[in-house]
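Reading through the structure tokens given below for one structure.
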Amino acid sequence: VSETQVEEFYNNNPASFKLSKNIVKAIFVKISNEFANPSYLKSLTADTSEEGLNELREYCLQYAKGFDIFIENWVDFETLKNNIPQDITDVPKFLKDNNQIELNDSNYYYLVRIQDYKLRNDLAPLNYVENNIKNLILNQRKIEFLKQIEENIYTEGIRNKRFKVYNNE
């Protein structure tokens, strides 16, 4: 399936690609309070260049209890929310008002930098639904192919007078 076909399908069927959940592109870091350097971590997460992300990865591999970098891919906000010690009840308002979450509990410092977000019922980004679109196009092709085979068999049967019609009564 070509990129052009994917884009065409996406543009012709926007109602089919409404989000059922809130999604984000973000950086998540969970680090022990004893190793946490909030100002340094904030500067690392602010630099999304290749070098900056490599430096962040190296730092996190050495000191962090957990981290994820979702800059290129969208992720369900619930997944991120379940990893921080804060109850967020109004997610749309929270995402609109915050591009950074900084929290502490007794053991860990948490930093989440939200690069981008899409809310439930928004049009899903193309790269988020691209694989689904490819599968839909392939399934449509399979259905058409099977219909064509059935039609060819029927046509050939009529032409060669090699079929019987059974009455179900």
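Tabulated results
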{"read-out": "Listed pairs Lys18/Lys96; Lys42/Lys96; Lys21/Lys93; Lys30/Lys81; Lys21/Lys142; Lys18/Lys134 exceeding 22 Å between Cα atoms", "value": "Lys21/Lys142"}
{"read-out": "Portion, in percent, of the accessible area of the chain that falls on carbon or sulfur, probe 1.4 Å", "value": "44 percent"}
{"read-out": "Computed FRET value (nearest 0.05) for Asp76 with Glu151, which takes r as the C-beta separation and R₀ as 30 Å", "value": "0.10"}
{"read-out": "Förster-model FRET efficiency, 22 Å R0, Asn127 and Lys65, C-beta, rounded to 0.05", "value": "0.15"}
{"read-out": "Compactness relative to 2.2 N^0.38 Å, alpha carbon Rg of segment 92-169", "value": "2.41"}
{"read-out": "Computed [θ] at 222 nm, deg cm²/dmol, the chain (DSSP H ≥ 4; -39,500 (n - 2.57); rounded to nearest 500)", "value": "-15000 deg cm²/dmol"}
{"read-out": "Over the chain - Rg/Rh using Cα atoms and the Kirkwood inverse-distance radius", "value": "1.28"}
{"read-out": "Spatial separation of Cα centroids for segment 131-169 and segment 29-101, in angstrom", "value": "52 Å"}
{"read-out": "Per residue value of the accessible surface for the chain (all protein chains in place, 1.4 Å probe), Å²", "value": "68 Å²"}
{"read-out": "Asp68 accessible area, 1.4 Å probe, all protein chains in place, Å² to nearest 10", "value": "70 Å²"}
{"read-out": "Per residue, the convex hull volume that the Cα atoms of segment 68-130 enclose (Å³)", "value": "92 Å³"}
{"read-out": "Long-range amide H partners of Lys21 with built H, under 5 Å", "value": "Asn121"}
{"read-out": "Spacing of the two label points (7 Å from each Cα toward its C-beta) at Lys161 and Asn107, in nm", "value": "8.4 nm"}
{"read-out": "Förster radius 22 Å - calculated FRET efficiency between Ser32 and Asn83 (Cβ-Cβ, nearest 0.05)", "value": "0.90"}
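The values are calculated or read from the model by the stated rules, or taken from the named source; none is laboratory data. Every value quoted in this text rests on a predicted model; they were computed, and no experiment measured them. When we count neighbours, we look across all protein chains shown, and the Cβ atoms used for this are built from the backbone with ideal geometry, even at glycine. Surface areas here come from the heavy atoms of the whole protein model, side chains and all, with no ligands, DNA or RNA. Shrake-Rupley method; radii C 1.70, N 1.55, O 1.52, S 1.80 Å.
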